[in-house]
Structures are given as structure tokens and as C-alpha cells.
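Encoded as C-alpha cells, the structure appears first; notes follow it.
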Amino acid sequence: MSRLTEDNIRIAHEIIARYPRARSATIPLLHLAQQQDGHVTDEAMRHIGELVGATAAEVLGTATFYEMFKFEPVGKYLINICQTMSCALLGAEDLMHHAEHSLGIKAGSTTADGMFTLEHAECQAACTEAPTLQVNYRYRFRVTPEIFDDLVEDLRAGRLDAEIPPHGTVARFRQRIPAELGVGAVAPDEVDGAPVWMESTT
Amino acid sequence: MTIEEPIVDPNAVGLFINGQAVTARKGDLIIKAAEDNGEFIPRFCYHERMSSVGMCRMCLVEVDTGRGPQLIPSCMFPVAPDMKVFTDSPTSKAAQEGVLELLLAQHPLDCPVCDKGGECPLQDQAFTHGPGESRYVEEKRHYEKPIPISDLVFLDRERCVLCDRCTRFADEVAGDALIHFTHRGNLTQINTFPDEPFASYFSGNTVQICPVGALTASPYRFKARPWDLAEAESTCTTCSVGCRVAVQSSRDEIVRYQGVDSDPVNWGWLCDRGRFNFQSVNSEQRLAAPQILTATGHATGSWNAALATTAQLITDALAAGGPESIALLGGARGTNEDAFAWARLAHDVIGTPNVSAQLVDGLPVGVLALNRATIDEAASAATIILLAPDLKDELPVLYLRLRDAVQAKRSRIIELTAKESGLTRHAWRTSFYEPGTQADAVAALLADDAAMAQIGRGDVVVVVGRANLAESSAPTIAALNALLAALPNAKVLPALRRGNVVGATQVGLRPGAGGLDSKGILNAAANGKIECLILLGADPLSDVPDADLARRALAGARRIISIDTFMSESSKLAHVVLPAAGYAEKDGTTTNLEGRVTRVAQKVTPVGTSRPDWMVATEIAARLGTDLGFSTDADVTSAIAEHVDGYEQLTVAHLSEHPDGVVALAPHIDATNPPAVTLGDRNAYDYRLIVSRTLYDSATMTAHSPALATLAPGIAVHVNPLDVSRIGASVGDDVKVTSAKATIVLPLAADTRVQRGTAWVPFNQPSSATNQARIGDLIDADASVTDIRIETL
Amino acid sequence: MTATTYPFTPGFYSGDRPEIVTSRFKYEDSYSLERYLTTDGYKGLQAALAKTPTEVHDEVRGATVLGRGGAGFPAGTKWGLMPPNVYPRYLVVNGDESEPGTYKDRLLMERDPHQLIEGCLIACYAAGLSQCFLYIRGEMALAQERVALALNEAYAAGYIGKNILGSSFSVDIVLHWGAGAYVVGEETALIESLEGNRGMPRLKPPYFPAAIGLYGKPTIVNNVETLANLPWLLCNGMAEYVKVGTETSPGTRMVAVSGHVNRPGVFEIVNGTTTFRDLIYGEDFCNGIRNGNELKAFVPGGGSAPWFTPEQLDLPFEGRLVGAAGSMLGSGAIMVMDHTTDIPAAALTLTRFYAHESCGKCAPCREGGTWLMRVLERVVAGHGTDRDLDQLFEVGETICPGAFPHASSEKLGLAAVPFPYKMTTICFVGPSAYAPVHSALTLFRDEFEARVVRRRTIPVTAGVGQ
Ligand SMILES: Cc1cc2nc3c(=O)[nH]c(=O)nc-3n(C[C@H](O)[C@H](O)[C@H](O)COP(=O)(O)O)c2cc1C
Ligand code: SF4
Ligand code: FES
């Protein structure tokens, strides 16, 4: 398993076509692979290398640089609790302790039932709403122990399935550029003149 | 009287380094300008032959360009007029010492057990610049150490200082981005992809440029310590690129070759084959004493006896058939001196014209008479036309130089080939021809407007060589002539592979007037016309493509004299075998493919009683009543300068002043026209055969270097994946391969580099217990091409 | 004077202040094309297309739209730095908002994506940029969805793509998204990341991607908020724009104030005039410190900025003045600490951040940042020694040798040192790991000393400052 499926290969080519150089699609394709398998597999990285014209080692180098890519399975729900200053000033540490206690795991690990993975996170750009957390990158603000426990409760019960897709899916909508509307990628080497609208002036 | 105008160099830039007014070249980086002016700025990531990345921050210095002193990495900024550089200001020193302490913070400091200990820039810096003992009391990073990242290289991530040299080399220079940074920040590390080793022909260079002991080479690990290394600068003769090397020995045993940066040739790089085959010099199986054939096989004899026997064999041959009945094959493995002494012996003492340094696997010597290009000229020509074997496999460092020419956008490559090569992905345009039809490919090229426009953009250099051993040289020469007829100004770089084949040929190991070439000699021997065959480091049984011809020739030759470093397949048939001193066991000169003559140096004493070839020739001549007048290699070098056109300058003195060597062409060689090309029709034969060499094969030195012996890909018949089903066998199966000459059984391999309708078989591969098949059996030296049938068993 | 918020704009408060970029936040469906069009949507683009690109560029230059991403460099000037007649040129939108304390670009992307898109189009038209890449931080799922939908709507409606609004102006806007790495916000790292590589900042020179950027071509990198200003600017003209704010800092700015205040929030404030006191104590802003506590210190411009104390409360939110006082406005993020704050622990949260986010390229940042963090951790845990406190400075010196900017303080007799300061690293992540340590340690050394072990006696771990 874990090379990209036929459908995903189609999406991959659509994404690659938007960039002047295929290599630029590496990160989007890694997300695609993670959406497919829940984490990024070696086979997927090899496949992506073939698609964008890079060695597997180069894809690995890029993938491991970024926080969001996981290389072994994680829980269905990845809970990131922000630990940076604004949240820390308002009790992020206590919230983390509570989370560890009520999920019965240490930060950085996954519950036995494979439902939850708990992680320290850095600033989530919601500092005024501290302390904050993200579940599969969906926010929860001003989180109290009660709010946290209800959240876990709801997730377990599947009450949030509509809002929160399983780990791997970030955005649920993709950009689509219909061929007839798009201009197409502008290759760095094949253009030299100024774009037409510039000439039409001055 | 007139006033002399001072000559001002437009490229000179005047600046101040630590208050001293100095001049540098425009575009020079500060770190280089400082070094050229005697101020060494410490560095780890900077490497002159690679792009600057400014990663280690060790080279920080204060620079004032008018806006007050700024702290900048000197490996990143070019010099500017009147710029003031302070390499030893308090801030510069503070920055450098700070960086050094940080680099050492995570370093295991296991110098006593580290190969690099004693020659380690980090260790040296720590002494000269460092604040002494580290204030870093935290837990250090721990990684599994060391891990093998290829068959030849080990990686110790704890010692790594993340200078990006090895990764830059792999990506920028070698084009094999198989090692890369992974992870981030404090956890950043170098690694390969799981199960995809750093299998690069050039991996050894990363070991040499690693500024710490993070990368070590298995053949050298724990072999020696820098302080008991002795070193001599020499030239690698593994192939005809002639890379400059430092030969290092310990206790009279070669332990390592290091690349030396020779601007016109190898830029400091070596291929792994050349770097690690020093092991063969030390091999147990080296021939240590003369062997004389007796009724019960070969017996060790004294030199005296052996030389007497040799002289006798020659005299008998002369008596039996005259000078023309004696032939000499080989000499491409030795020095110019060896070749010249033997040329004198063959041509002047014995008096035979039947001499050749090639083995039916090269090109007519006439190519050396063409308008020849140097490597630099090729690597700066607007257009490089390849009519050559896969340079990555046959002349690896030439491949690096041409790849660089493309990367740097100096040159575009037009490749004419039968099979995808290492340079195909860098070629501006590749046209595939079916073996034998390269002349048509040339015609098509000359008729193509875009191609001609490109060719019109500047200098053109044609790299020509023997791309296919299952094909005579005729089609290649025909194509070359067609090219040169249309592009009279194009220069030619002959891609002949064997170490000193150009030198041997130029100084005299080539057919004399009316003499036979290598194929002619073998045919004559096969037909019983050769009374004595001299094999000068030549092993026809492994190297002549047409195996049957080689066998018949050695059977037909009445007397065989072999001079060799190992007991080869062919020397096993010789009446007398004389042990030759090997590489690094003798001084002399060598000539690379562009005609560049450089010194090769002796570093260790020859094995057993082995002697340099030139000395052997001199002694044989003496026994035949002629004194060649050589008592030292220097005598021979001077004789070459005296007698060989183009080599006038090449005195020992001159060469020691020019370590990069001097180009000597051979005006005295005359171009010969090739026979016409006749292609048999295919009918029953579905595939046209391509046979060529891979970097790793059964060549003597490779096979006798344990580190390399296992790297040969092994014999198999490679076809395009789309042809596999057509054969009705599946990959890995044994299949019957039949030519007009014979049938052999080979495993089937699918290979996208092979074009449909052709089949490729790597030459001279180690025979396995399960498969002794020799591809040479299918090849007919008299046929222009070889067509084969592939069938299931 | 009050502050109004809406359930769908968590943290955002409007007041009776000019609204240049947040005018639509009051509508629940502010992100829909439908709403956008009924509220002057794409009028700025039409106004631009009616002018020549040069005229539009002059308009932006004249209005001195300061970069909102951190460096505060005027957008018009930056566009002018591209080498003439070198094409193609690209636009890269920096939506990687992740500087500690910063919260504004995400709101702008989630609540008013069309405004951002229109801004991109205006920039492309004016500067002759042939393709636009909108790089959104990987962890911002909702922003990515809203922008994707908006882009699809805008394409369908003919605002993006071939011959926009029937003109000769054609450009694609491509949504690109990251995968979690703060340093990728640095513009050259952003470009590396967009090329599919590890997000490591590029070497300077060249100092500006405007010269050599994406695929080695001239590239403009602008922050989301910067671009979001353009539609209003083009609709109302630069004369109107410069009426707001001061001469050196015209227009408005979005500022997030977080930490120990009664009403943490994001505000669109008048540039240059509003003071830190207004922001922290003003009742239409944060309305004072929680439980009437004392203000101890605040970070004026995102985690990288040297700290201020109550002494600087009356400085206006103006780049040069704040710079002269030894800090920076950075990304418009203020983090407030009251007197109960455990200063060493607070500093640690920032140093940990930058150590963790180092890309690993420069030895001083890669090793030094982590070293600082380790030592600080020890001190905070109560196992530190006096030696460790000096060591913090010594290690910091290896990242920023010589003068380091810090809050100037008559009280402590510390003189202000303006940017840029000496640093051994390529980008500001390295120095940023040191900045909080340096500020905290110079301003509140006593708290550190109370923490450290003396002569190997029992650690003093009692909560400090409570
Ligand atoms: C370490 C570092 C992180 C940065 N992070 C961001 C960021 O998250 N968002 C942003 O817009 N600019 C960020 N910047 C500033 C950008 O490098 C760049 O100056 C800015 O995007 C330019 O846009 P502007 O001129 O419109 O402000 C960062 C700079 C540094 C050195
Ligand atoms: S300072 Fe840090 S983050 Fe910035 S480039 Fe250097 S190592 Fe990377
Ligand atoms: S040598 Fe200049 S930064 Fe490494």
C-alpha cells in the first residue's frame, strides 16, 4: 500500500501543473499522502520523488523539516496544546497536565485505542484566546479542564465528525483552477519580456 | 625618452586586510582573497570547488565597506574596492571562538579513536582558536554510530558539524543527491533514505572533504594515523583522465589515495574505483618472482634464468620467422618510460612493426592525429558532441567536468548514443541510434536546424570513443569523419579508456610502417604466423571483445612472453612470465587522454623482485646485444624528450616545476581511414547487441581490491522493459542468447536505459559459480555489428 | 467608548476607529463573494485597472504602506527594488503568521479572503508580477478552506485568471500551504519552502528576494495585512489613506494584545499615535491589567522583541521611536505580564520556542539556542547556579557579540541600542532566542538570583514575585 492511489495521482498532477517547477508541489503532495494514509510512508515519499523529480532522500529531507508530517501512525485525533508565552501566562502548563491525566498518556504519545495523540505545540496565532489547542488543526479557545473533557467526550462519541475530519485531512476544500479560466504556470526560464499589461502602458 | 605607463589589470581589486593594502581578483570571495594574501580565515563549510552556503559561521570577520564594521561570513561576500577586512579584530575573534565552542558543544571529542585525528580541521581549530575546555555541561546528542551509508562509507552523526559539504558534493558535483539533511534545528542530521544507500561512483570524495571524522572510508578505517603517513604526489592511471592524487603509505604499504586539486583535470575529485583500488597494489596475489614454464607447469625462477629464457624465445622466433613473426600487445598500463623502452626494443632491436597498445577495444591510432581538444576546452565549448561510451562508467571524472560545464551553463551537450548514459539527463539533446548506424544519426543531426543553430553558437568539441565492443570501430570512425567534414573547426577529445593508452601509443607502441594493429596481430597469431607474442601487461583473454579470436590467437602463437603484475588468464599460457613493478612502485611519467604528461611517483618498494617494465626491456635488449643506454627512469624520460616529437619540453626538471603537467600531442601520427561499414541484415536476429564496460568489472586492479570486487553489477542481458514480455520470459529468468557465432545463457534484466530492439550486456563481469558465460563468445571482431536472438530455455 | 466583538470573530474588537482592513468583520458571511461585492468588493481592482501600473505603484509608494510582517519596510519602495526589465516576476504572500503573540493575518484570511485576493491582484498589476503564490501556514485549516473557496469563486466570477475584467491583465493566484515550521515565515525561507525544499533562510546577499527570489527571479514577498490594505487604498486614494495615522506611519495597524490584561484582543488601531498605555489600559482596548494587578513588563512587538517595562508605556506605537527605545514593533503583538509573573519561566517559554524553531543552518542558533534553553530550564527548575546566569550572557554573546538591544531604562542606566545589531547568524531566529533571556536577565536579575543554588544548598524553588 501507500503509493498514491489513482485518484490521488490525478489530484497530484493537477497540483503539480500549477507550479513553474514540479518540485514546488512537494509539500502539498506530502499532505496528500498523509491525508491518504494518516501518516507519510516511505513508499509515498518515493512515489512523490518520482512525481516531482527528486530523489527519495531529498523528499525525506523536506518532509522531516516540518512539524505536521508524521512518519508513524498517530491517533485519529491529534491534540496540540499551545505552550508558548501568551498561553503559558494563562495556564497552558496546567492544561497540559490535565490533558495528560485525563487521557492517561504523556505528551508525545497516543492512547491505546488509537483515538488521541497529545502534543506540545508552539504559538497557534490565537494568543488573545489563551490557552488554546487544536484538534486536527481545528481550534478550541480559552480552554478549561471542563472544556477539554467535554471535547474528548464529544470526539469519542463522534459528535464532531462534521467539523473535524480524521488526522491527515487539513483543508477539506481544494482550490480548483478550471483550464479555461487559468493562465497557467509561468516558467522562470521561458519568459523574458514584461507581461502585456505592463507594455500597454507608460 | 618615454615614460612607461603602469599596466593596470582591470580585474584587480584593491582592499585592506588587517590594515595591509592587498590586491585580489574581481569576484574573489573575502575568505579566498585573505588566504591568497596569507591570512587564513578558519572555515568548515566553505569549499573552493562548491557553492558557498555560509552554514558553519566559522569564517565570520568584521568588514567595513564605509558603513562601519559589520560581522559577515567571509565565504559569502566578494571583495570590493577599498573594503577593510579585519580577520583578527576582537569582535572577529570573539565570533569565531564563540562559533567554535558551539560546534564543539555537541562533538564527542573522541579524537583518539577517530580516523581524522591528527588531520582534523576541527581539532586544529580547537587548539589554535578555541577557548580550551568546554563550558557545555549539558547532555550531548546521541546517535547510533557509525552507520554504513554505502559499501564504502561510514557515517558518524555525533561527529558531524553539519557543514553541508558531503550533501552539497552529492547534489552539486556528483548529481547523486542520495544523502541529505533530515529533521530540523538541533536535531538536524545527515542521512540516506531508508534502504537507498549512498551508492555513488564518487562517494569517496565526501570522506576526503568532510572537515571532521564524520565520514570514514571502509578501506582506510583504522589503517593508519596521519603522523605516520608518508606521501608522494602522483597521477592516477586507472583510466586515462589522469587525476592527480596524493599517494599515502604507512610502513611501506599504500593505505590511501587523496585527490589533489589540479585545475586542468580533476579539481580534487576522484572516482571510487581510482581511489580505492590501491588495495590491489598490496594484494597477496601479486606476482613476486619470475615464472618459467616447465613440463610440470610454471616454476619460480631467477631473473637471470628468466631473462635468458626470454632472450632465447626471441632469438628462436627471429630465426624461425624473422622480425615480422614477433608481435607486441599492450603497454597501456605502464608509464611513458615503460612504453618507450619497449617500443625501442620492439621496433629498433627486434625490428618488428607489429606493435599495438590497444586490444581490439579502442580506435585506430589515427584519431590521435586529429585536431585535439583538452578537457578544459571540452568543458568550456558551447557545444559538446558525444560519440562516446558512457563517460560516467568509463572516464568518471571527465563526466564530472562535462556535467559541471552544463550545470554552469557554459556548454550544451548533444549526445549520439545507442543507450542512455550518465550524461543523458544533462544533455541538451540526445539522439539514440541503432548500433552501426551512427553515421545516419550524424546526418540527421547535421540536417536539423535547431541543432545546427546550437552548434553555430561557438566552439564545438567532439568526444569520441568506442561505445560498443560488440561493434567494430568502423561505424564510429565513419560517423566521426562525417561530423568533422561538416564541422572542420571542431576539436576532438579521444575517450580512450586504458590508463596510459595515449602515452604508450604516442611514444611508439603502435604499428610501424606496414605493421599490424591489435586485431591483425591476433588474426596472424591465430593463423600460426606469430612465432613470439609479447604481452606487456596485456590480457587478451579478458580484454579482447572477440573471445574466440583471443583464444585462437594465444593457442596459435608459438611462444608467449608475458610481463605482468598478476598471473592473468593469458599469462597462465606464457612460456615465461616476468613480474612487473606496479603502480606507486616506480617513478616516471604518464599521458592522459588529452595528451597531458604528468609525473607518477614511486611510494613503496616493488613487491618481491618485480621490476619496472622499462628496466626489463633494457635488460632484454642487452641480452640481445643492444644497449638502450637507460640506467634510471630519468634517462628514459630524457630520451623521450629527445626523440619523440611533441615531447621536447618534457624533461624531469620541467615536469617537477609543472605538477599539473604539459600537453604533448603527436604530430607524427598519421590519420588512417577506416574500412567501410557493412551491416548484416537482421531477419531472425531480433536484438542488436551493445556491450560496454561498467565502472566496476573484473579488471585486474578492481578484482584484486576487496572493497571494490563485490561492486560489479554482474553479467546479464538487459533489454527495455517493454521487450521483456516479447521475449516471453520474466526478469531474472535465464534466457538463451544466440549470435551468429555462439549461444550462451544469461539472466534477463529489464533496463529503461536500453532502447527497444537493442540489448545491453556489461563487459568483463566476474563469472559466478552459477554462470561462467562470457559475452565475448558472441562477438565477431570481423563483423561491423552483432545481432542476437533471445529465447526462453 | 466601547469595544464590540462578534461570536464569529473570536478576539477581535472594533471601536469607533477607522476601519481600513476590518470593515467587514461585522458580517457573519464576510468571507462570501456575495457579501464582498455588496461592500465595495473589487472596486479597488477596478480603480487600479483604470490607471496605468506605474500610477498604481506611485499611489502605493505615496501612501507609504509599511510592511506589516515585521520589518516594517514600505511596500511601494520594496516593489521598486526589482531590477528593471527582468521577468517573470512573482508575488509570494506571506501568510505563515507564527511569531509568538501575533494574531491578525489569520483573521484577515478567515474573515475577508476576497480583500486579500484583491490586494494581491492590485500588487501584481502594479508591479508586473505574472504569478502569485498565497502561502498559508499549514496549521490554519479554516483559513485554507476559506481562501480556497474564495479563490474558486473569484476565478468563476472572472476576477482572477485570463484577461481580468476584460482587461489585458492576466494572473493566476495559487494557494500554497506549509506544514509547520516558524522559520518559514522568513521571506527567503518561505521561498525555499515554496520551491519544495527545507525551509532554511537563504544566504544574504542578495538582501532582498526582489532581486533574486523564487526560482532565482525577482520576487515580492508581502505580508497578508500589508496587501489587505491595498483595496481600501485604491478605492479611497492615498490622500485619504495618509490622513489616518502619522506621516512616518500612515494608516492603521492590526495589533494583538495578549497575556494578563482584562480584555485580550485584536484591534485595528490608528498607526503611530496610539500608545502602549492606551492599548493596555484604554477601556476601548484591553481595559487594564487583570484583577487590578501591577504591570511588570510587556513584549512590544512579538516574541523576538526586547522587552519593555512600565517606563515605556507612553511610547506611541511607532516604529522609529520604539526602535530608538531599543526594541521593535515587529508583527504587532504585545504580550503583557503582571506582577505575579514568574519572569524566568516566562522567558523560557520564548527561548524554548526559538530553540525549537531553529532551522539548524547556523551553528550559533542551532547549538546556542538549545544551550540557552537548557541552562534556563535548569535555572527555572531551581538547579541553576550563579555561574549559569553569567553563562546565559556568554552563550548569548556567541549569537550576538557585542552590543545587544534591550529596553533602555533610566532606572537601570541601560542605554538603548538601535537595530540592526551584530549577529553571527543568518536570520533573526538565533538572536530571538537570546532576546527574552537578555531582557529578562538585565531587567529582573534579582528573580533569577533568587532561583539559583548557592554553595550547593537546597534549591530555592518557592514561587517568586507572588
Ligand atoms: C524569523 C522570521 C520570521 C518571520 N515570520 C513572518 C511571518 O510569520 N509572517 C510575515 O508576514 N512575515 C514574517 N517575517 C518577515 C518576513 O521575512 C518579511 O519581512 C515580510 O513577510 C515581508 O512582508 P511585508 O514587507 O509586507 O512586511 C519573519 C521574519 C523573520 C526573520
Ligand atoms: S538563525 Fe537559526 S533559523 Fe535563522 S537561518 Fe540561522 S539557523 Fe536557521
Ligand atoms: S566557511 Fe563561511 S560560514 Fe562556513
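The values are calculated or read from the model by the stated rules, or taken from the named source; none is laboratory data. Nothing here was measured: the structure is a model prediction, and the numbers come from that model. Glycine gets a Cβ as well: all are built from the backbone with ideal geometry, and neighbour counts include every protein chain shown.
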Note on A:GLU146: of the conditions (1) more than 8 Å from chain C (Cβ to nearest Cβ); (2) in contact with a strand residue (DSSP E or B) (Cβ under 9 Å, 6 or more places away or on another chain), unmet is (2)
Turns out the helices (runs of 4 or more DSSP H) fully within the stretch B:361-450 with at least 3 residues that are modelled with pLDDT of 95 or more and in contact with a Gly (Cβ under 9 Å, 6 or more places away or on another chain) are B:391-394, B:396-407
Flagged pairs (Cβ under 7 angstrom, 6 or more apart or on separate chains; first in the stretch B:67-86, at pLDDT 90 or above; second of a type in the set (Ser, Thr, Tyr) and within 16 Å of ligand 3 (Cβ to nearest atom)) are B:CYS75/B:TYR46; B:CYS75/B:SER52; B:MET76/B:SER52; B:PHE86/B:SER92
Over the stretch C:88-109, the set of residues at the interface with chain A (Cβ under 9 Å from one of its Cβ atoms) and β-branched (Val, Ile, Thr) is C:THR102
When B:TYR433 is run through (1) of a type outside the set (Gly, Ala, Ser); (2) over 24 Å from B:ASN720 (Cα atoms); (3) touching a helix residue (DSSP H, G or I) at 6+ places or on another chain (Cβ under 9 Å), the failure sits at (2)
Sole miss for C:ALA156 among (1) within 7 Å of another protein chain (Cβ to nearest Cβ); (2) more than 15 Å from A:VAL196 (Cβ to Cβ); (3) surrounded by fewer than 24 Cβ atoms within 10 Å (Cβ to Cβ) is condition (1)
Expected single match for more than 13 Å from chain C (Cβ to nearest Cβ) and either among the basic types (Lys, Arg) or not in a helix (DSSP H, G or I) (or both) among A:VAL40, A:VAL74 is A:VAL74
Item to complete: Would you mind stating whether A:VAL191 is at the interface with chain C (Cβ under 7 Å from one of its Cβ atoms), surrounded by 21 or more Cβ atoms within 10 Å (Cβ to Cβ) and out of contact with any Ser or Thr (no Cβ under 6 Å at 6 or more places or on another chain)?
Response: no
Heads up, the helices (runs of 4 or more DSSP H) in the stretch C:54-148 (entirely inside) with at least 2 residues that are among the β-branched types (Val, Ile, Thr) are C:113-127
- Task: Would you check if there is a residue in the stretch B:473-491 being within 24 Å of B:SER380 (Cβ to Cβ), in a strand (DSSP E or B) and within 23 Å of the chain's Cα centre (by Cα)?
- Result: yes
So the strands (runs of 3 or more DSSP E) completely within the stretch B:182-297 holding 2 or more residues that are within 14 Å of chain C (Cβ to nearest Cβ), farther than 29 Å from B:PRO606 by Cα and in contact with a strand residue (DSSP E or B) (Cβ under 8 Å, 6 or more places away or on another chain) are B:189-192
- Task: Would you check if there is a residue in the stretch B:137-147 being modelled with pLDDT under 95, touching a helix residue (DSSP H, G or I) at 6+ places or on another chain (Cβ under 6 Å) and more than 16 Å from ligand 1 (Cβ to nearest atom)?
- Result: yes
Worksheet item: Going by the conditions given, is C:LEU350 at pLDDT 90 or above, part of a helix (DSSP H, G or I), more than 14 Å from chain B (Cβ to nearest Cβ) and closer than 29 Å to C:ARG202 by Cβ?
Response: yes
Cβ pairs under 7 Å, 6+ apart or interchain, first in the stretch B:343-354 and at positive phi, second of a type outside the set (Lys, Arg), ordered by first then second residue, are B:GLY351/B:PRO323
Exercise for the section: Determine if the stretch B:566-582 includes at least one residue that is assigned to a loop (DSSP other than H, G, I, E, B) and more than 22 Å from B:THR309 (Cα to Cα). Expected result: yes
Selection over the stretch C:213-241 where residues are touching a helix residue (DSSP H, G or I) at 6+ places or on another chain (Cβ under 8 Å) and either surrounded by fewer than 19 Cβ atoms within 10 Å (Cβ to Cβ) or assigned to a helix (DSSP H, G or I) (or both) yields a count of 16
Considering residues that are closer than 15 Å to C:ASN94 by Cα, within 9 Å of chain A (Cβ to nearest Cβ) and in contact with a helix residue (DSSP H, G or I) (Cβ under 7 Å, 6 or more places away or on another chain), the number found within the stretch C:110-133 is 1
Scanning the stretch C:167-185 for residues that are more than 10 Å from ligand 1 (Cβ to nearest atom) and not in a loop (DSSP other than H, G, I, E, B), the one farthest from A:GLY61 (Cα to Cα) turns out to be C:VAL171
Checked B:LEU493, B:LEU578, B:LEU487 against criteria (among the aliphatic types (A, V, I, L, M), crowded, with 24+ Cβ neighbours inside 10 Å, at pLDDT 95 or above and over 30 Å from B:GLU619 (Cβ atoms)); the one match is B:LEU493
Among the residues of the stretch B:64-77, the number that are touching a helix residue (DSSP H, G or I) at 6+ places or on another chain (Cβ under 9 Å) and away from ligand 3 (no atom under 13 Å from the Cβ) is 1
**Asked** Does B:VAL13 count as modelled with pLDDT under 95, buried (at least 18 other Cβ atoms within 10 Å of the Cβ) and either away from ligand 2 (no atom under 16 Å from the Cβ) or assigned to a loop (DSSP other than H, G, I, E, B) (or both)?
**Response** yes
Practice item. Answer yes or no: is there a residue in the stretch C:83-97 that is over 28 Å from C:ILE212 (Cα atoms), of a type outside the set (Lys, Arg) and within 16 Å of ligand 1 (Cβ to nearest atom). Key: no
Residues in the stretch B:16-61 that are free of Cβ contacts under 8 Å to residues at least 60 places away in the same chain, polar (S, T, N, Q) and away from chain C (no Cβ under 14 Å) total 3
Residue pairs qualifying under the 7 Å Cβ cut-off, at least six apart or on distinct chains, with the first in the stretch C:186-212 being under 15 Å from A:TYR66 (Cβ atoms) and part of a helix (DSSP H, G or I) and the second being within 9 Å of ligand 1 (Cβ to nearest atom) and among the charged types (D, E, K, R), are C:LEU190/C:ASP96
Of the residues in the stretch B:175-212 that are buried (at least 24 other Cβ atoms within 10 Å of the Cβ) and among the small types (Gly, Ala, Ser), the one that is farthest from ligand 2 (Cβ to nearest atom) is B:GLY204
The residue that is farthest from ligand 3 (Cβ to nearest atom), considering only those in the stretch B:28-48 that are surrounded by fewer than 16 Cβ atoms within 10 Å (Cβ to Cβ) and under 33 Å from the mean Cα position of the chain (by Cα), is B:ASP36
Taking the stretch B:61-89 and the residues there that are more than 21 Å from B:SER51 (Cβ to Cβ) and assigned to a strand (DSSP E or B), the one that is farthest from the chain's Cα centre (by Cα) would be B:PRO69
Of the residues in the stretch C:348-375 that are of a type in the set (A, V, I, L, M) and within 14 Å of ligand 1 (Cβ to nearest atom), the one that is surrounded by the fewest Cβ atoms within 10 Å (Cβ to Cβ) is C:ALA355
